[in-house]
Amino acid sequence: MISLGIESTAWNFSVGVVSEDEVIALEGDAYIPREGGIHPREAAQHHSEVAGKVLARIFEKVNPGEIDAVSFSQGPGMGPCLRIGATVARTLALKLDKPLIGVNHCLAHVEIGRWLTGAEDPVTLYVSGGNSQVIARRGGRYRVFGETLDIGIGNAIDKFARYISLPHPGGPEVERLAERGERYIEMPYVVKGMDFSFSGIVTHAMKLCDEGYRIEDIAFSFQETAFAMLVEVTERAMAYLGKEECLLVGGVGANSRLQEMLGLMCTDRNAEFFAPPKRYMGDNGAMIAYTGLLMMKHGIRTELSESYVKPDFRIEEVEIPW
Amino acid sequence: MVKVIMGGEAEVRIHDSFVEKIRIRKRYRIKELDDFLRRRRTISEARIISNARKHGVATPVILDVDDCRIVMERIDGEPVREIMNRDVSREIGKGVAKLHSAGIVHGDLTPMNMILKNGRIYFIDFGLSYYDERVEAKGVDIHVFYEALKADFDNWGELWEAFLEGYSEYGKFSHVLERFREIEMRGRYVDKSENRS
Ligand SMILES: Nc1ncnc2c1ncn2[C@@H]1O[C@H](COP(=O)(O)OP(=O)(O)O)[C@@H](O)[C@H]1O
Ligand SMILES: [Mg+2]
């Protein structure tokens, strides 16, 4: 069985093709905002402009006739961006006369992570621009055990990066700065129950910049504080659920310090830490293709009339038959 | 025999008549932050446990506190998670009403942190508790409990209803409930997506 997947929830327009055993092809084109954060309409414009080219690159490697299903990111995400992916998917499904499968974007991050790392029943920390969630399987569904009360960790880092005029994307730049940090400056550490909040750190970091603190020390303290909050909640979910695996997914998962911290936490509680290769951590079409393939194997498909996009689609809404 | 429980943030040693809660070093966070968090939480937890009892909430008696260690009375009862039902959930609601009336936000209202003994619900684990008079903080507090019920029990709907019956003893009940509904809507992708632009 071969599944093609289209990802277009936010910054990336990406198409992947997978079989049950491997990723056959993955092509994409990232939208880079001219200034500020992601503008949904500009991003959608970008996606519609590159969609044809990206698909053409895919079909250089894969014969369209081999494809058994067309999957797409149905949500959560930015409405205008989601609609581009959904339209491309519907068109392709009709043309190839193959089933259409609407996939939950967060679920796809978790499933490709499990597939590529071999993690069986992990507590997943999913960290990206707009999302920061601690997710675990409970019965026939995934549940969110903790999440941000305001902005995603990726957006928090990006906001800070823009404030100090770092080029986009800000994450890797802030990580490099943080490596040269020498002194920890106290930051608002906000964990409420299983939820966390990052806006206080962003505001505080900006204030420290204005006051002339060393930028490397601010970046270092920012990461140490924000990541400690994420690791703490992940660990508490593992303790509470008695799970012994931890999986890291999402674009911010590429940060080596965050990986190191989760790794240490797992070592100390005799748990195993898993992280997929960088390429499959951030938004990508392969994760949609793979999750679509799982769904198809379990008889799930999305009728055209049901294929509307869901900008606020929650992972809890999806029943998991596998 | 001492039973040792490795919790999310502390090592809890259960002796016959007392319990030691030791906040152990977390290697994943830098020493400055780790020391700061462990000390702050130990002191604050011990204080809030005592204060809650003064306000009529069943909590263990604090026997000693030093650095990152609390020694307290052992509550030899049944874990709420194992015996949860409507009556228990209603009693929890009453307890939370008392906590909130005293300005205490528990911060980790999950069934793991409650023990039933002699018909009373004992609240433990005030490690994430703080004082806050705002409706928002209380809304978040009961939201944690709501999420825990949903995650843990198939009949979470009726358990939540019973909890609210008990919690309605709190003077600002309707305000908090209103805020709770807002929180339930918030923290969802729709709102967060605006932050991306
Ligand atoms: N005073 C006590 N009496 C009896 N059992 C306790 C007491 N304090 C803690 N425990 C047991 O230890 C577990 C962990 O303690 P807790 O204070 O919740 O630590 P953590 O912050 O690690 O969750 C509790 O869930 C409970 O089973
Ligand atoms: Mg506890």
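I'd like the residues of the stretch A:238-279 whose 1.4 Å-probe accessible area shrinks by no less than 40 Å² going from the isolated chain to the full set of protein chains.
Those are A:Tyr240, A:Leu264, A:Asp268, which lose 40 Å² or more relative to the chain on its own.
What distance in nm separates the two pseudo spin-label positions at B:His15 and B:Asn85, each 7 Å out from Cα along the beta-carbon direction?
3.6 nm
The stretch A:143-189 to the stretch A:264-315: how many Å between their Cα centroids?
24 Å
Picking from A:Thr225, A:Thr291, A:Thr124, which is most flexible by a Gaussian network model of chain A using Cα springs under 10 Å?
Its mean-square fluctuation being the largest, the pick is A:Thr225.
Which positions within the stretch A:115-134 get 30 Å² or more of their accessible surface covered by the other protein chains, compared to the chain by itself, with a 1.4 angstrom probe?
A:Gly130, A:Asn131
Between chains A and B, what is the buried accessible area summed over both chains (1.4 Å probe, protein heavy atoms, nearest 100 Å²)?
Working: alone 13620 and 10820 Å², together 20620 Å².
Looking at A and B, the buried total is near 3800 Å².
With a 10 Å cut-off between alpha carbons and a GNM built on chain A, which of A:Ile84, A:Ile112, A:Ile185 moves the most?
A:Ile185
With +1 on each Lys and Arg Cβ and -1 on each Asp and Glu Cβ, how big is the dipole of the stretch A:181-272 about its Cα centre, in debye rounded to the nearest 20?
Details: 8 positive and 15 negative charges, 40 e Å.
It works out to roughly 200 debye.
So which of A:Lys243/B:Lys98; A:Lys98/A:Lys310; A:Lys159/B:Lys31; B:Lys117/B:Lys172 end up more than 25 Å apart by C-alpha?
Working: A:Lys243/B:Lys98 34 Å; A:Lys98/A:Lys310 22 Å; A:Lys159/B:Lys31 27 Å; B:Lys117/B:Lys172 28 Å.
From A:Lys243/B:Lys98; A:Lys98/A:Lys310; A:Lys159/B:Lys31; B:Lys117/B:Lys172, over 25 Å: A:Lys243/B:Lys98; A:Lys159/B:Lys31; B:Lys117/B:Lys172.
Using a 10 angstrom cutoff on alpha carbons, build the Gaussian network for chain A and name the most mobile of A:Gly37, A:Gly85, A:Gly146.
In the Gaussian network model the winner is A:Gly37.
Say the dipole of the stretch A:1-131 comes from +1 at the beta carbon of Lys and Arg and -1 at that of Asp and Glu; which of A:Ala25, A:Ala86, A:His39 then lies farthest toward its positive end?
Of the listed residues, the answer is A:His39.
With +1 on each Lys and Arg Cβ and -1 on each Asp and Glu Cβ, and nothing else charged, work out how big the dipole of chain A is about its Cα centre, in Debye to the nearest 20. Could the numbers behind the result be given before it?
Numbers: 32 positive and 44 negative charges, 115 e Å.
With Lys and Arg at +1 and Asp and Glu at -1, about 560 debye.
What FRET efficiency do you get for B:Ser44 and A:Glu211 if R0 is 25 Å and r is their Cβ-Cβ distance, rounded to the nearest 0.05? Don't jump to the answer; show the numbers that get you there.
Working: r = 28 Å, r/R0 = 1.12.
In this case the efficiency is close to 0.35.
Residues of the protein assembly as shown: accessible area per residue at 1.4 Å, in Å²?
That works out to 40 Å² for each residue.
Calculated from DSSP H runs of 4 or more alone, at -39500 (n - 2.57) each and per residue, what is the 222 nm mean residue ellipticity of chain A, nearest 500?
On the way: 9 runs with 139 residues, N = 322.
Calculated from helices alone, the mean residue ellipticity at 222 nm is -14000 deg cm²/dmol.
Roughly to the nearest percent, how much of the accessible area of the stretch A:1-110 is carbon and sulfur, given a 1.4 Å probe?
Working: 2050 of 4160 Å².
Percent of accessible area from carbon and sulfur atoms in the stretch A:1-110: 49.
Percent of accessible area on the stretch B:3-73 owned by carbon and sulfur, 1.4 Å probe? Present the calculation step by step, with values, prior to reporting the outcome.
Values: 1840 of 3340 Å².
Here it works out to 55 percent.
Got a number for carbon plus sulfur as a percent of the stretch B:78-196's accessible area, 1.4 Å probe? Could the numbers behind the result be given before it?
Numbers: 2380 of 4950 Å².
The nonpolar share, carbon plus sulfur, comes to 48 percent.
The values are calculated or read from the model by the stated rules, or taken from the named source; none is laboratory data. Keep in mind the model is a prediction, meaning the values are calculated, not measured. All Cβ positions, even for glycine, are placed from backbone atoms using ideal geometry, and neighbour counts span all protein chains on display. Only protein heavy atoms, including side chains, enter the accessible area calculation; ligands, DNA and RNA are left aside. Shrake-Rupley method; radii C 1.70, N 1.55, O 1.52, S 1.80 Å.
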